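Q: First the structure, then my questions, so here it is.
The values are calculated or read from the model by the stated rules, or taken from the named source; none is laboratory data. This is a predicted model, so every value here is computed, not measured. Neighbour counts are summed over all protein chains in view; Cβ atoms, including those assigned to glycine, are modelled from backbone coordinates with ideal geometry. In case anyone asks, the SASA skips ligands and DNA or RNA and just uses the protein heavy atoms, side chains included. Shrake-Rupley method; radii C 1.70, N 1.55, O 1.52, S 1.80 Å.
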Amino acid sequence: MPNLEYIENGGVTSAAGFVAAGVHSGFRKDPKRLDLAIVEAEGPVPAAGVFTQNVFCAAPVTVSRAHLGQDAAGVARAVVINSGVANAATGARGLEDAERMAALTADAVGCAPEDVLVASTGVIGTFLPFAPLDALPALHAAASPAGGADAARAIMTTDTHSKECAVRYTSEAGDYAGATFTVGGMAKGSGMIMPNMATMISVITTDAPVAPRDAKAALKAAADVSFNKVTVDGDTSTNDTCILLASGKAAPAGSAPLQPGTPAFAEFEAALQAVCQNLARQMAADGEGASKLVTVNVRGAATPEEADLAARTVANSPLVKTCIAGHDANWGRVAGALGRSGARFNQEDVDIHFMGMSVCEKGLAVIFDEDEALRRFEEPEIVIDCDLGAGDAATTVWTCDFTHEYISINGDYRS
């Protein structure tokens, strides 16, 4: 695997060949809040997407799928994203509005409408206003390699901060040896987070040469071990969208696209997964009202599917999440979640640890130092390790605690 270097303040424009911008356009009332973002390539580039599987699928998701073509793998020149209005549950008009948003962006950028992908986030059931899209020419004019941070801020909803990450690596493989490739991205997401695709809106870019179908396979694999392993509240959004754009700008002259199954492609996959997992952890840590990032590790499951069932049930349990908020090492809540998860195991084989402290061995309570447990609960990340003793499968799921603030945020969301 490559030696990855995390780029300080890196993000969606860290890879060569991309520019971005974010402005306040009027989707939100607060003039200090950026609400319209764009990520652009210099021309149409290989692109791939993974999208929500929610039946209440938002219009921008339908349009972006169509623009990418079969299997959501094609080409794109730009991705435009608004926050504040989701354009979901808006019927035929919503689809027309999403297409019009793409066409207006195409006019501003100077490309075909089908080369524009669109995404929206915000309140469901509200039609997209078009006055804010008058800002598209200015948005395009403002796009630059330095604009990634503004774009990341513009896609936020209840997020408390923007989420960005980028890594670079120098290839050691074949024709690409010595070439330095970058993968960078931005994401939004802090509530209505439960994976059935990618659980948020994200744009990821790379200057490695990757063909569309191979980009789709790599993105799906990365999402499965990152965004699909995040849960905040068990709800899957209507608007989940994750786009990967590949400029190929850092490829050696005359080199072909990376080929799946080769060391060079494995290097790229490792970098992509690193960025996706970093963004996923940021999303979990920024869960609505959260005070802690929670990592749930399950091993010893009979199958990968059962490992996921067990970890996800623990991560979604309100009782587990509230005991963490209360700094209470109440492992019985974890045991209860494991037992109802559907994973097969014998309770007398189960071990549970909180932050490295054994609290349950072979299904029985272990006496532990409560004061030491309280001290460990002061850490920003709470790690729960569960060994089911039923097999060799393992997984990790990221979540957060539940605090009173979560109720306040969601009770007032439309206010």
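Q: In region 368-377, which residues are open to solvent by 50 Å² or more (accessible area, probe 1.4 Å) and either without any contact (Cβ under 8 Å) to a residue 40 or more places away in the chain or among the aliphatic types (A, V, I, L, M) (or both)? Break it down stepwise before answering.
A: Taking region 368-377 first, the residues open to solvent by 50 Å² or more (accessible area, probe 1.4 Å) are 369-371, 374-376.
Of everything in region 368-377, those that are open to solvent by 50 Å² or more (accessible area, probe 1.4 Å) and either without any contact (Cβ under 8 Å) to a residue 40 or more places away in the chain or among the aliphatic types (A, V, I, L, M) (or both) turn out to be Asp369, Asp371, Leu374, Arg375, Arg376.
Q: Would you check which residues across region 156-167 are within 21 Å of Leu272 (Cα to Cα) and out of contact with any Phe, Trp or Tyr (no Cβ under 7 Å at 6 or more places or on another chain) and list them? Even if it seems obvious, please write down each step before you answer.
A: Going through region 156-167, the residues within 21 Å of Leu272 (Cα to Cα) turn out to be 162-167.
Within region 156-167, Ser162, Lys163, Glu164, Cys165, Ala166 qualify.
Q: Restricting to region 228-249, and then to whatever is in contact with a Phe, Trp or Tyr (Cβ under 8 Å, 6 or more places away or on another chain), surrounded by fewer than 24 Cβ atoms within 10 Å (Cβ to Cβ) and modelled with pLDDT under 85, can you tell me which residue is farthest from Ala290 (Cα to Cα)?
A: Checking each candidate, the answer is Thr238.
Q: Out of everything in region 64-81 that is without any contact (Cβ under 8 Å) to a residue 60 or more places away in the chain and charged (D, E, K, R), what residue ends up being farthest from His140 (Cα to Cα)?
A: By that ranking, first place goes to Arg65.
Q: On to the next question. Hey, among the residues in region 392-415 that are over 24 Å from Gly336 (Cα atoms) and assigned to a loop (DSSP other than H, G, I, E, B), which one's modelled with the highest pLDDT?
A: Asp412
Q: Taking only region 94-129 into account, find how many residues are open to solvent by 50 Å² or more (accessible area, probe 1.4 Å) and polar (S, T, N, Q).
A: Selection size over region 94-129: 1.
Q: Check Glu288, Glu269 and return the single one that is over 18 Å from Thr396 (Cα atoms), modelled with pLDDT under 90 and of a type in the set (Asp, Glu).
A: Details: Glu269 fails: modelled with pLDDT under 90.
Answer to the selection: Glu288.
Q: Follow-up. Please verify whether region 63-75 includes one or more residues that are among the β-branched types (Val, Ile, Thr), out of contact with any Lys or Arg (no Cβ under 9 Å at 6 or more places or on another chain), assigned to a helix (DSSP H, G or I) and at pLDDT 95 or above.
A: Among the residues of region 63-75, at least one is among the β-branched types (Val, Ile, Thr), out of contact with any Lys or Arg (no Cβ under 9 Å at 6 or more places or on another chain), assigned to a helix (DSSP H, G or I) and at pLDDT 95 or above, which makes the answer yes.
Q: Which pairs turn up if I take residues in region 240-264 that are without any contact (Cβ under 8 Å) to a residue 24 or more places away in the chain and look for partners that are open to solvent by 60 Å² or more (accessible area, probe 1.4 Å) and outside any strand (DSSP E or B) with beta carbon separation below 9 Å, at least 6 apart in sequence or on another chain?
A: Gly254/Asp175
Q: A follow-up question, please. Could you please find all residues in region 1-25 being more than 27 Å from Val167 (Cβ to Cβ), open to solvent by less than 40 Å² (accessible area, probe 1.4 Å) and either in a loop (DSSP other than H, G, I, E, B) or in contact with a Pro (Cβ under 7 Å, 6 or more places away or on another chain) (or both)?
A: Kept after step one, since they are more than 27 Å from Val167 (Cβ to Cβ), are these residues of region 1-25: 23-25.
Filter once more, keeping what is open to solvent by less than 40 Å² (accessible area, probe 1.4 Å): 23, 25.
Selection gives Ser25 alone.
Q: If you don't mind, another one. Among the residues of region 45-57, are any loosely packed, with under 15 Cβ neighbours inside 10 Å and either among the β-branched types (Val, Ile, Thr) or part of a strand (DSSP E or B) (or both)?
A: First, the residues of region 45-57 that are loosely packed, with under 15 Cβ neighbours inside 10 Å: 53, 55-56.
Then keep just the ones that are either among the β-branched types (Val, Ile, Thr) or part of a strand (DSSP E or B) (or both); that gives 55.
Yes: one or more hits.
Q: Same structure, new question: From the list Ala58, Ala41, pick out the single residue that is over 19 Å from Ala98 (Cα atoms) and either at pLDDT 95 or above or within 19 Å of the chain's Cα centre (by Cα) (or both). Show your work before the answer.
A: Numbers: Ala58 fails: over 19 Å from Ala98 (Cα atoms).
Ala41 is the lone residue from the list that is over 19 Å from Ala98 (Cα atoms) and either at pLDDT 95 or above or within 19 Å of the chain's Cα centre (by Cα) (or both).
This table checks each residue for (1) within 17 Å of Ala72 (Cβ to Cβ); (2) modelled with pLDDT of 90 or more; (3) surrounded by fewer than 24 Cβ atoms within 10 Å (Cβ to Cβ).
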{"position": "Ala187", "(1), (2), (3)": "no, yes, no"}
{"position": "Met197", "(1), (2), (3)": "yes, no, yes"}
{"position": "Ala221", "(1), (2), (3)": "yes, yes, yes"}
{"position": "Ser226", "(1), (2), (3)": "no, yes, no"}
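Q: Mind telling me which of the residues Gly300, Gly389 ends up being assigned to a loop (DSSP other than H, G, I, E, B) and either modelled with pLDDT of 95 or more or crowded, with 18+ Cβ neighbours inside 10 Å (or both)?
A: Working: Gly300 fails: assigned to a loop (DSSP other than H, G, I, E, B).
From the options Gly300, Gly389, the qualifying one is Gly389.
Q: To continue, here is another question. Could you tell me which of the residues Arg77, Arg93, Arg65, Arg100 is closer than 29 Å to Ala146 by Cβ and among the basic types (Lys, Arg)? Talk me through it step by step, then tell me what you get.
A: Numbers: Arg93 fails: closer than 29 Å to Ala146 by Cβ; Arg65 fails: closer than 29 Å to Ala146 by Cβ; Arg100 fails: closer than 29 Å to Ala146 by Cβ.
Only one candidate passes the filter, namely Arg77.
Q: Would you confirm, using the coordinates I've provided, whether Arg65 is open to solvent by 30 Å² or more (accessible area, probe 1.4 Å), touching a helix residue (DSSP H, G or I) at 6+ places or on another chain (Cβ under 6 Å) and over 23 Å from Gly248 (Cβ atoms)?
A: Working: open to solvent by 30 Å² or more (accessible area, probe 1.4 Å): yes; touching a helix residue (DSSP H, G or I) at 6+ places or on another chain (Cβ under 6 Å): yes; over 23 Å from Gly248 (Cβ atoms): yes.
Yes; evaluated as a whole, the condition is true for this residue.
Q: Just to verify a result, which residue in region 149-176, among those that are open to solvent by 20 Å² or more (accessible area, probe 1.4 Å) and in contact with a strand residue (DSSP E or B) (Cβ under 8 Å, 6 or more places away or on another chain), is farthest from Asp35 (Cα to Cα)? First the steps, then the outcome.
A: First pass over region 149-176, keeping only residues open to solvent by 20 Å² or more (accessible area, probe 1.4 Å): 149-150, 153, 156, 158, 160-162, 164, 168, 170, 172, 174-176.
The next check asks that each one be in contact with a strand residue (DSSP E or B) (Cβ under 8 Å, 6 or more places away or on another chain); those that pass are 149-150, 153, 156, 162, 164, 168, 170.
Values: Ala149: 13, Asp150: 10, Arg153: 8, Met156: 8, Ser162: 13, Glu164: 17, Arg168: 29, Thr170: 36 Å.
Here the residue is Thr170.
Q: Against the definition (in contact (Cβ under 8 Å) with a residue 40 or more places away in the chain and either among the aromatic types (Phe, Trp, Tyr) or buried (at least 20 other Cβ atoms within 10 Å of the Cβ) (or both)), how does Ala41 come out, yes or no? Quick ask: steps written out before the conclusion?
A: On the way: in contact (Cβ under 8 Å) with a residue 40 or more places away in the chain: yes; either among the aromatic types (Phe, Trp, Tyr) or buried (at least 20 other Cβ atoms within 10 Å of the Cβ) (or both): yes.
Judged against the criteria, Ala41 is a match.
Q: Out of Arg281, Arg312, report the one residue that is farther than 22 Å from Glu5 by Cα, in contact (Cβ under 8 Å) with a residue 24 or more places away in the chain, basic (Lys, Arg) and open to solvent by 10 Å² or more (accessible area, probe 1.4 Å).
A: Numbers: Arg281 fails: farther than 22 Å from Glu5 by Cα.
Exactly one residue qualifies, and that residue is Arg312.
Q: Would you check if Arg281 is at pLDDT below 95, of a type in the set (Lys, Arg) and out of contact with any helix residue (DSSP H, G or I) (no Cβ under 9 Å at 6 or more places or on another chain)? Quick ask: steps written out before the conclusion?
A: Working: at pLDDT below 95: yes; of a type in the set (Lys, Arg): yes; out of contact with any helix residue (DSSP H, G or I) (no Cβ under 9 Å at 6 or more places or on another chain): yes.
In short, yes.
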